[in-house]
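This report concerns only the one structure given below.
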Amino acid sequence: MAQILDGLKVSKDIKSEIKLEVDKILAQELRAPHLAAILVGENGASKAYVNSKVKDCKEVGFESTLIRLSDTVSESELLDEIKLLNENPQIDGFIVQLPLPKGIDQELIINAIDPKKDVDGFHPENFGRMALEMEAFLPATPYGIMTLLERYNVSTKGKNCVVIGRSRIVGRPMSILLSSKGDPGDATVTLVHSHTQNIEEYTRKADLIVVALGAPKYLKKDMVKEGVVIIDVGITRVEDTGERGFHLEGDVDYEGCKEKASWITPVPGGVGPMTRAMLMKNTLLAYKRKI
Ligand code: GUN
């Protein structure tokens with residue numbers, strides 16, 4: 001029976017550590033770190049994510065600014081907002097919540113963010129620096145997973161790791177971090193995706209699997225070996241008849257897989273809260289680099 005990688009608990013520890021640092025900053029009569037977020041349109045999940053980020057800022061003692069734009073905003077208006085944040089010395093870091101409405105070129109928008117304020121780690125400069133094992137803002141979800149493994153002393157050195165999904169914000173950077181020098185890291189990594197044939201042939205040999213697919217209950221117990229470590233990044237909203245009208249489902253068939261795994265992340269309470277905590281961590285790093 002698997003042990004739980006408790007992302008909720010570790011995220012609380014990390015937020016307390018950040019709060020302590022902020023208290024020290026404030027005791028020196030310096031200003032608090034300040035995170036801004038741009039939210040375009042009315043996507044329900046995006047609104048919920050951004051609201052949580054604002055709440056996290058409050059919890060750790062950061063200032064936050066939420067900029068809400070209508071989904072009819074033009075690309076150039078959005079670029080103007082980014083320019084203002086880039087140039088505002090009171091703002092240490094900011095994020096543009098994705099996805100953006102159709103008609104807005106995501107690449108162009110991300111490239112306009114000052115890499116020194118890119119606390120999501122999405123700018124090509126940060127991505128490139130990460131891939132070259134230079135100091136960089138790491139994207140929050142992969143950074144959160146690496147931190148969770150580190151805090152539970154789950155070693156990946158020399159292990160066979162399979163990452164399912166090659167998204168630019170989770171799968172691809174995850175594969176790079178797991179193969180980078182260090183532990184967690186130093187793994188032999190296979191990145192499988194929608195064109196991979198017989199994915200289960202890879203997952204059955206894996207010592208650690210990161211599933212970042214967005215397909216509820218995709219990973220089944222017959223696809224994994226005994227003792228595997230399973231990291232579930234999925235958080236799909238599945239409609240139900242409850243009060244909220246939906247619940248969140250991971251990419252892992254948790255009930256089945258937990259019988260075989262040595263370690264497993266729950267959904268909710270696994271990767272999600274870690275992602276949120278690491279955004280706070282990156283904002284603190286952005287602040288500290290400047291002072
Ligand atoms: N959309 C889904 N995840 C993220 C994230 O980590 N950052 C931003 N900006 N948008 C997202």
Rounded to 5, the percent of DSSP beta bridges in the chain classed as antiparallel
10
Which of the peptides 114-120, 274-280, 241-247 is most tightly packed, and how do the rest follow, going by the mean number of other Cβ atoms within 10 Å of each residue?
274-280, 114-120, 241-247
Extension length gain for Lys19 and Glu133 (0.36 nm per residue less Cα distance), in nm, is 38.2 nm
Quick calc, Thr241 & Lys181: beta-carbon distance into FRET formula, R0 45 Å, rounding 0.05, result 0.35
Farthest towards the positive end of the dipole of the chain, among Ile14, Ser74, Ala277 and with Cβ unit charges of +1 on Lys and Arg and -1 on Asp and Glu, lies the Cα of Ile14
Too-long pairs where the Cα-Cα distance tops 30 Å, listed order kept, from Lys9/Lys260; Lys157/Lys258; Lys83/Lys281; Lys117/Lys157; Lys181/Lys225; Lys117/Lys225
Lys117/Lys157; Lys117/Lys225
Add -39500 (n - 2.57) for each DSSP H run of 4 or more in the chain, then divide by its residues: what number comes out at 222 nm, to the nearest 500 deg cm²/dmol?
-12500 deg cm²/dmol
Cβ-based exposure ranking for Ser76, Ser180, in which fewest neighbours within 10 Å come first:
Ser76, Ser180
If you rank Ile91, Ile145 by fewest surrounding Cβ atoms within 10 Å, what's the result?
Ile91, Ile145
Using the beta-carbon distance between Lys102 and Glu29 and R0 = 45 Å, what value does 1/(1 + (r/R0)^6) give for FRET efficiency, to the nearest 0.05?
0.45
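Every number here is computed from the coordinates shown, using simple stated rules; none is lab data. These figures come from a predicted structure and were not determined experimentally. Cβ: placed from backbone, ideal geometry, glycine included. Neighbour counts: every protein chain shown.
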